[in-house]
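K.L.:
Starting off with a structure, shown below.
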Amino acid sequence: TQLLEQSPQFLSIQEGENLTVYCNSSSVFSSLQWYRQEPGEGPVLLVTVVTGGEVKKLKRLTFQFGDARKDSSLHITAAQPGDTGLYLCAGARVSNTGKLIFGQGTTLQVKP
Amino acid sequence: DSGVTQTPKHLITATGQRVTLRCSPRSGDLSVYWYQQSLDQGLQFLIQYYNGEERAKGNILERFSAQQFPDLHSELNLSSLELGDSALYFCASSVITGGIGEAFFGQGTRLTVV
């Protein structure tokens, strides 16, 4: 059972386009992280959202945590080829040790 | 650079063998997590240690074990290896256990079992 469902799984767009990646669950999380992973490398933390309804911006990336803390979205404005990579959402459950439950990831390709 | 160091970066070994993967957490981090990443399963939590003690177990096979040493580095031991154990193995560390779950990942060890 995949507790975190990411969509879409694959996305190929042209430079300059906008996109949104969704991360959904029926479970409540104490926090949700977004990571970006390059081939052959480890995931790199982009942002952590903790409060329901929270919105965080990182340059052209906007992250939102759902009001009920069950879902999150990542929106990229004016995508660039350098944004290409695997985007992973990961949630920490309310009670636990900090272990993360990962979504399957969204592979983004931005063509020049 | 996340500050988490994993060695070796690549490992090729035969079925039935045993290997040890090593992880040095970020300076000051007491928690170490091990994850396995495969194409069909994505990133799966294996096990967590906090200040030398096991704190949480995930989908870790009985053939796999881990420990955290007094200097806080951790080792993941994989034995009786099978072809299906081929994957990327990541170590992550965080300052505390629990909290908001923010963790920093190493570059991983790519294990190939032939």
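The values are calculated or read from the model by the stated rules, or taken from the named source; none is laboratory data. Note that the coordinates shown come from a computational prediction; the quantities given were computed from them, not determined experimentally. Because the Cβ atoms are built from the backbone with ideal geometry, glycine has one as well, and the counts that use them run over all protein chains shown. Side chains are part of the model used for accessible areas, which takes the heavy atoms of the whole protein and leaves out ligands, DNA and RNA. Shrake-Rupley method; radii C 1.70, N 1.55, O 1.52, S 1.80 Å.
K.L.:
Any chance region A:16-30 includes a residue that's in contact with a Phe, Trp or Tyr (Cβ under 9 Å, 6 or more places away or on another chain), outside any strand (DSSP E or B) and at pLDDT 95 or above? Outline the logic, then answer.
P.N.:
Residues of region A:16-30 in contact with a Phe, Trp or Tyr (Cβ under 9 Å, 6 or more places away or on another chain): A:21, A:23, A:29.
The next check asks that each one be outside any strand (DSSP E or B); those that pass are none.
No, because not a single residue in region A:16-30 is in contact with a Phe, Trp or Tyr (Cβ under 9 Å, 6 or more places away or on another chain), outside any strand (DSSP E or B) and at pLDDT 95 or above.
K.L.:
From the list A:70, A:57, which one is loosely packed, with under 13 Cβ neighbours inside 10 Å, more than 12 Å from every other protein chain (Cβ to nearest Cβ) and either at pLDDT below 95 or out of contact with any helix residue (DSSP H, G or I) (no Cβ under 7 Å at 6 or more places or on another chain) (or both)? Step through it out loud before you land on a result.
P.N.:
Values: A:70 fails: loosely packed, with under 13 Cβ neighbours inside 10 Å.
Answer to the check: A:57.
K.L.:
Looking only at region A:31-53, count how many residues are assigned to a strand (DSSP E or B) and β-branched (Val, Ile, Thr).
P.N.:
Step one: list which residues in region A:31-53 are assigned to a strand (DSSP E or B), which gives A:31-37, A:44-49.
Those still in the list that are β-branched (Val, Ile, Thr) too: A:44, A:47-49.
The number of residues fulfilling the criteria is 4.
K.L.:
Here is a further query. Quick one: in region A:25-39, which of the residues that are over 10 Å from the mean Cα position of the chain (by Cα) and crowded, with 16+ Cβ neighbours inside 10 Å is farthest from residue A:71 (Cα to Cα)? Please lay out each step first, then the result.
P.N.:
Of all residues in region A:25-39, those over 10 Å from the mean Cα position of the chain (by Cα) come to A:25-31, A:37-39.
Subset that is crowded, with 16+ Cβ neighbours inside 10 Å: A:25, A:29-31, A:37.
Details: A:25: 6, A:29: 9, A:30: 11, A:31: 10, A:37: 20 Å.
That would be A:37.
K.L.:
Which pairs have Cβ atoms under 8 Å, sit 6 or more apart or on different chains, and link a residue in region B:55-75 that is within 14 Å of chain A (Cβ to nearest Cβ) to one that is open to solvent by 80 Å² or more (accessible area, probe 1.4 Å) and in a loop (DSSP other than H, G, I, E, B)?
P.N.:
Pairs found: B:68/B:51.
K.L.:
Only one of (1) open to solvent by 10 Å² or more (accessible area, probe 1.4 Å); (2) under 13 Å from the mean Cα position of the chain (by Cα) fails for residue B:50. Which number is that?
P.N.:
Looking at each condition in turn, residue B:50 falls short on (2).
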